[in-house]
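A quick write-up on the structure given underneath.
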Amino acid sequence: MGHTTLSELGLERVGHTEKTQINSSIARQIVDRAMKIIPFSVNVMDGNGLIIGSGDPTRLHQRHEGALLAINDNRTVEIDQATAQHLTGVRPGVNIPILFQEAPIGVVGISGQPEKVRRYAELVKMAAELIIEQAALMNHVEWDKRHREELVLQLVQGPDLHEMHLRTIAERLGIDLSQPRIASIVRVLPAPGQELSLDHLQRLVHLLEFPERNNLVGISSVARNEVIVLKPITLNRTGWSQELERERVAKLMERVRRETDFEIRIALGGFYQGLSGLSQSYETAKATLEAVSDADAEKSGHVLFYQDHTLAVLINGLSGRKWRGAELRRPMRALEGKDVLLETLACFFRNNEDHISVCAELGIHRNSLRYRLKRIEEETGLNFSNIGDKTRLYLAMLHQG
């Protein structure tokens, strides 16, 4: 999923401790930056006195006895020409320990006569330690981000027997799993001719995480361009406020359009109690994304709430069974080619059978609506006054595609 490894950041964790070691990547950064400041060759040695970065490539991977003295005694070691002849792998210069959290983790050496390079030692040491502190911060942020993402993916798969383990991880990350949440899936929609990449998903993740709303975010599928968001909600006596979430989602959609070159579609699942409820919420969000057609998603502004499409979600897949699907769609075959009647039927159900709203949307008189509904009954052989017939018409309309 495009994660940066700890070694790529220049720092490595050892076992389960917070011990930090310098590797060749960060050593090269120290050498390059220092040699832009001073006119002398610079070496960086690790905690074992091995040269892992140098302005003189021929010295790489050699043991530096002066560095061992510096790191073991935690002191600056100056080496003149006479002393250099009695030590292995050294040349005249000044070697000064690199400290991280007040402990020596390596040595930076400046080659040259001590009296000429001594004044540069503290400057180079400060530059080296600044680079290490920045890398350590990146290490921490990346470690935190990666484990938050892994926690999200495990939560939506279902905690099962690993609930205590997940709670322990969450506690270390400072995440309160007792906070009620719903799962949502955000899919990036490419513009015509646009090819999406991991960068698009990472930009989306940033938008979902900032400003901070305590969202838990993870990239679920690069292939499908999908991101999972576990969104905190506030419960009240009647459940949770969908209106508040609609407002927040509307603001997100506006930000995406304003700050990116792509569109998104978001499906929000239902709320279910307990940690295991997150996986059920995720399943309802995923099923909603699958059940709603592209045309219907566009009509809803690409924002899909499970509660708005519950019936469509629950019966999705029935049409895939040959005879059941054919029977389900049969009433629509009687209306093929009769676009006015099809449009009227869709509008009728979309407005919950409210005649005034249907007439207003279609721009017709109530008598015209009654005539069209009568025609639908005649063509299909189904009666709107019969609950079973009306349900069949509604299901047939949902599966006409």
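The values are calculated or read from the model by the stated rules, or taken from the named source; none is laboratory data. Remember, it's a predicted structure, so these values are computed and weren't measured experimentally. Cβ coordinates were reconstructed from backbone atoms using ideal geometry, including for glycine residues, and neighbour counts include every protein chain displayed.
Of 152, 124, 117, which residue is crowded, with 20+ Cβ neighbours inside 10 Å, closer than 29 Å to residue 52 by Cα and either aromatic (Phe, Trp, Tyr) or touching a Gly at 6+ places or on another chain (Cβ under 7 Å) (or both)?
When all the criteria are applied, what remains is 117.
Okay, residues lined up against (1) outside any helix (DSSP H, G or I); (2) surrounded by fewer than 16 Cβ atoms within 10 Å (Cβ to Cβ); (3) out of contact with any strand residue (DSSP E or B) (no Cβ under 9 Å at 6 or more places or on another chain):
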{"site": "174", "(1), (2), (3)": "yes, yes, yes"}
{"site": "177", "(1), (2), (3)": "yes, no, yes"}
{"site": "205", "(1), (2), (3)": "no, no, no"}
{"site": "208", "(1), (2), (3)": "no, no, no"}
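Only one residue in 268, 318, 328, 341 is under 25 Å from residue 394 (Cβ atoms), over 19 Å from the mean Cα position of the chain (by Cα) and either modelled with pLDDT of 90 or more or among the basic types (Lys, Arg) (or both). Which one?
341
Suppose the filter is closer than 27 Å to residue 264 by Cα, assigned to a helix (DSSP H, G or I) and basic (Lys, Arg); does residue 146 pass it?
yes
If I filter the stretch 355-370 down to residues being in a loop (DSSP other than H, G, I, E, B) and out of contact with any Cys (no Cβ under 8 Å at 6 or more places or on another chain), which single residue comes out as nearest to residue 384 (Cα to Cα)?
Ranking the candidates gives 364 first.
What are the residues in the stretch 246-274 that are farther than 18 Å from residue 204 by Cβ and not in a loop (DSSP other than H, G, I, E, B), if any?
Applying the first criterion (farther than 18 Å from residue 204 by Cβ) to the stretch 246-274 yields 246-247, 269-274.
The answer is 246, 247.
Residue pairs, Cβ under 7 Å, 6 or more apart or interchain, first in the stretch 156-176 and not assigned by TED's automatic domain parsing to the domain that holds residue 228, second at pLDDT below 80. List them.
Here the result reads 166/159, each pair linking the stretch 156-176 to a residue that is at pLDDT below 80.
Of these, 207, 289, which one is modelled with pLDDT of 90 or more and closer than 23 Å to residue 176 by Cα? Outline the logic, then answer.
Details: 289 fails: closer than 23 Å to residue 176 by Cα.
So the residue among 207, 289 that is modelled with pLDDT of 90 or more and closer than 23 Å to residue 176 by Cα is 207.
Give the residue that is surrounded by the fewest Cβ atoms within 10 Å (Cβ to Cβ), with candidates limited to residues of the stretch 214-267 that are of a type in the set (Ser, Thr, Tyr) and within 19 Å of residue 152 (Cβ to Cβ).
Filtering the stretch 214-267 for residues of a type in the set (Ser, Thr, Tyr) gives 220-221, 234, 238, 241, 260.
Checking which are within 19 Å of residue 152 (Cβ to Cβ) leaves us with 220-221.
Numbers: 220: 23, 221: 13.
Step by step, filter the stretch 214-267, then rank; the result is 221.
Kindly indicate which of 214, 236, 225 is assigned by TED's automatic domain parsing to the domain that holds residue 308 and at pLDDT 90 or above.
Values: 214 fails: at pLDDT 90 or above; 236 fails: at pLDDT 90 or above.
Unique residue meeting the criteria: 225.
If a residue counts only when it is of a type in the set (A, V, I, L, M), assigned by TED's automatic domain parsing to the domain that holds residue 88 and at pLDDT 95 or above, which strands (runs of 3 or more DSSP E) contained entirely in the stretch 1-76 have at least 1 such residues?
42-45, 51-54
Yes/no per residue for (1) touching a helix residue (DSSP H, G or I) at 6+ places or on another chain (Cβ under 6 Å); (2) under 25 Å from residue 146 (Cα atoms); (3) touching a residue at least 12 places away in the same chain (Cβ under 8 Å):
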{"position": "208", "(1), (2), (3)": "no, yes, yes"}
{"position": "227", "(1), (2), (3)": "yes, yes, yes"}
{"position": "247", "(1), (2), (3)": "no, no, no"}
{"position": "257", "(1), (2), (3)": "no, no, no"}
{"position": "270", "(1), (2), (3)": "yes, no, yes"}
{"position": "274", "(1), (2), (3)": "no, yes, no"}
{"position": "285", "(1), (2), (3)": "no, yes, yes"}
